[in-house]
Amino acid sequence: MFGRGKGLGSSLTKTRQSFFGRIASLFQEQQITDDTWDELEMLLIQADVGIKVTTDVVESLRDEAAAGRLRTPDQLNAALKEHLLETLQRVQRPYLQGERLLNVIMVVGVNGSGKTTSIAKLAKYHKERGQKVLLAAADTFRAAAIDQLKIWADRVGVEVAAHQPGADPGAVVYDAIFAAESRDMDVLIIDTAGRLHTKYNLMQELGKLRGVAQKQVHQAPHECLLVLDATTGQNALNQAKVFTEAVGVTGTVLAKLDSTAKGGMVFAVAGELGLPVLFAATGETIDDWAEFDPEVFVDALFETRA
């Protein structure tokens, strides 16, 4: 059964013990004061919840307090938790909706974000659900990228469609789709180049790959997943904006979630970009991978354990 690795809740220790732990301490005060609002706003921004989401949430809470619905720090704590959960639930949806013969998934993200290992974990996720998986090595600009993908594919036990370094990425995608269909694969996962050199070049390159997939398979790609390094905080949000404009990202994968004290960026991605988090890489092993559950995530942030 998949999921033997670290779970979503247990991966949030650093985030919970840092900023959200200080928020919990804030709610142990005897009453709500002007200082409470100022400190709450500061802590949420420091946790990378984002200025827009922080402002919206704090203003809503202040309005509720002014109307007499929030009178104690405990009530404020519960209301904050509810507002943050609502931010995530507004955009959350199931992964890969609908039934089809071949699911085509494009995976994008900058170099170093954890993209290759996330692809391997996603491949394992599908394989352990009885599906046949093919990986497409469409990051042809770095020979190391192709080699890394092949190494991970061997570990997981799936096949790779690859050309020589420097080959046309569009040709790789074309051939990979042909191979996937001829071998009765259920899932094709396309790795892409992670160079954020200029927005124009990125849009041209990824747009071309998307076009190749659309011509070969109806409504492909069926998911375009953006891998974000959770440790980069607001930089991840900026990356998400560029990639969403370039290729129409449908959901995000949070890599290195266990290594960050700023897991609040999940709320910024959902609240500012309207993108759901679909998976989280919760550790370094191949099994440290979890479907993202907003309730589990928010509950874990607000736990009071050490």
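Here are some notes:
- Candidates are the residues of region 255-277 that are of a type in the set (A, V, I, L, M) and out of contact with any Asp or Glu (no Cβ under 7 Å at 6 or more places or on another chain); the one that is surrounded by the fewest Cβ atoms within 10 Å (Cβ to Cβ) is LEU273.
- Annotation note: of SER113, SER118, the sole residue that is in a helix (DSSP H, G or I) and under 26 Å from LYS208 (Cβ atoms) is SER118.
- Residue in region 65-79 that is closer than 24 Å to LEU275 by Cβ and assigned to a helix (DSSP H, G or I) present: no
- When region 26-37 is limited to residues that are farther than 18 Å from GLU59 by Cβ and surrounded by 12 or more Cβ atoms within 10 Å (Cβ to Cβ), the one that is modelled with the highest pLDDT turns out to be PHE27.
- Checked against the criterion of being in a helix (DSSP H, G or I), of a type outside the set (A, V, I, L, M), surrounded by fewer than 16 Cβ atoms within 10 Å (Cβ to Cβ) and free of Cβ contacts under 8 Å to residues at least 12 places away in the same chain, the candidates GLU99, GLU59 yield just one match: GLU59.
- Index of the failed condition, GLN234 passing every other in (1) out of contact with any Phe, Trp or Tyr (no Cβ under 8 Å at 6 or more places or on another chain); (2) within 30 Å of ARG100 (Cα to Cα): (2)
- Breaking point among (1) buried (at least 21 other Cβ atoms within 10 Å of the Cβ); (2) modelled with pLDDT under 90, for THR252: (2)
- Against the numbered list (1) crowded, with 22+ Cβ neighbours inside 10 Å; (2) in contact (Cβ under 8 Å) with a residue 60 or more places away in the chain, LEU149 comes up short only at (2).
- Residue within region 236-247 that is hydroxyl-bearing (Ser, Thr, Tyr) and more than 30 Å from TYR174 (Cβ to Cβ) present: no
- For LEU84: the one exception among (1) farther than 24 Å from PRO294 by Cβ; (2) surrounded by 22 or more Cβ atoms within 10 Å (Cβ to Cβ): (1)
- Within region 80-96, if we keep just the residues that are in a helix (DSSP H, G or I) and without any contact (Cβ under 8 Å) to a residue 40 or more places away in the chain, the residue that is nearest to the chain's Cα centre (by Cα) turns out to be GLU86.
The values are calculated or read from the model by the stated rules, or taken from the named source; none is laboratory data. Note that the structure is a prediction, hence the values are computed from the model and not measured. Methodologically, a virtual Cβ is constructed for each residue, glycine included, from the backbone with ideal geometry; neighbour enumeration extends over all protein chains shown.
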